[in-house]
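The values are calculated or read from the model by the stated rules, or taken from the named source; none is laboratory data. Here the structure is a predicted model, which means the values were calculated and not measured. Virtual Cβ from ideal backbone geometry, glycine too; neighbours counted across all protein chains shown. Heavy atoms of the whole protein, side chains included, go into the accessibility calculation; ligands, DNA and RNA do not. Shrake-Rupley method; radii C 1.70, N 1.55, O 1.52, S 1.80 Å.
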Amino acid sequence: MKNIKLDSSWLQYLEKEFSKPYMQEIKSFLEKELKAWKTIYPNTKTIFTALNYTPLNKVKVVIIGQDPYHGENQAHGLSFSVPNSQTKLPPSLKNIFKEIESDLWKPSEALTNPDIDWRLVSWAKQWVLLLNAILTVEASKAASHSKIWWQNFTDEIIKIINKELDWVVFILWGNYAKTKKILIDTNKHFIIEWVHPSPLSASRWFFWSKPFSKTNEILKSQWKKEINW
């Protein structure tokens, strides 16, 4: 976490967070783990990728994930997204693409063509903030960093969006993401909540929940450009 590069729109609100004791604890913890030759995902240069792709003043949609993928070379700083080096879709991302197909009535090449970009960078560049509540994880150990204070930082991000912006769509998939509702003022923002896209939850009606068309309908009603999912 040395020499952190953060988009200026975020830095003006978050700079003070980096000097707080909890953030120093996160920094010390990660440095200790790396010195012990533990593998941490994503690499430290991409922890804040979501914020750098999607400036604060541009945010239209927020999709909240729990923590990064813990498989090799999967996590790269955007919730639910994987880099091009992957040869197999993670189950949750595969179900997201399936839901796009049924919701928007358009074939998803991502499900059949391994050469298609599985990074959700195109979403981020349309001002969809792909935010994990926990920003790091140890390899092969899901939720292993869930108690090292990351949520203090990411809750602050949600609070900033809630206060500084209007009419943002928050997509909350699964019980964990739904706990963030308390941070969102529904008098000025929209919440779409449903079960998680993981295989365990998808059978319980994630499919046909239509979050993508619902989001676009909301954006359209606010005279905002729809997302090309």
Practice task
Have a look at 138, 101 and point out the one that is more than 22 Å from residue 15 (Cβ to Cβ), in contact (Cβ under 8 Å) with a residue 60 or more places away in the chain and in contact with a helix residue (DSSP H, G or I) (Cβ under 9 Å, 6 or more places away or on another chain).
Solution key: 138
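Of all residues in the stretch 13-48 being within 17 Å of the chain's Cα centre (by Cα) and free of Cβ contacts under 8 Å to residues at least 60 places away in the same chain, which is farthest from residue 157 (Cα to Cα)? Reasoning before the result, please.
Here is the first cut: in the stretch 13-48, the residues within 17 Å of the chain's Cα centre (by Cα) are 41-48.
Filter again for free of Cβ contacts under 8 Å to residues at least 60 places away in the same chain, leaving 43-46.
Numbers: 43: 21, 44: 19, 45: 19, 46: 17 Å.
Taking the candidates together, the pick is 43.
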Practice task
Would you be able to say whether some residue in the stretch 49-56 is buried (at least 19 other Cβ atoms within 10 Å of the Cβ), touching a residue at least 12 places away in the same chain (Cβ under 8 Å) and more than 16 Å from the chain's Cα centre (by Cα)?
Solution key: no
Exercise for the section: Tell me which residues, restricted to the stretch 12-48, are open to solvent by less than 60 Å² (accessible area, probe 1.4 Å), among the aromatic types (Phe, Trp, Tyr) and in a loop (DSSP other than H, G, I, E, B). Expected result: 48
Problem - Condition check for residue 92: farther than 29 Å from residue 190 by Cα and not charged (D, E, K, R) - result: no
Exercise for the section: Read through the list (1) outside any loop (DSSP other than H, G, I, E, B); (2) within 30 Å of residue 8 (Cβ to Cβ), then give the number of the only condition that residue 73 fails. Expected result: (1)
Problem - Selected residue (criterion: modelled with the lowest pLDDT) from residues of the stretch 119-144 that are more than 21 Å from residue 157 (Cβ to Cβ) and among the hydroxyl-bearing types (Ser, Thr, Tyr) - result: 122
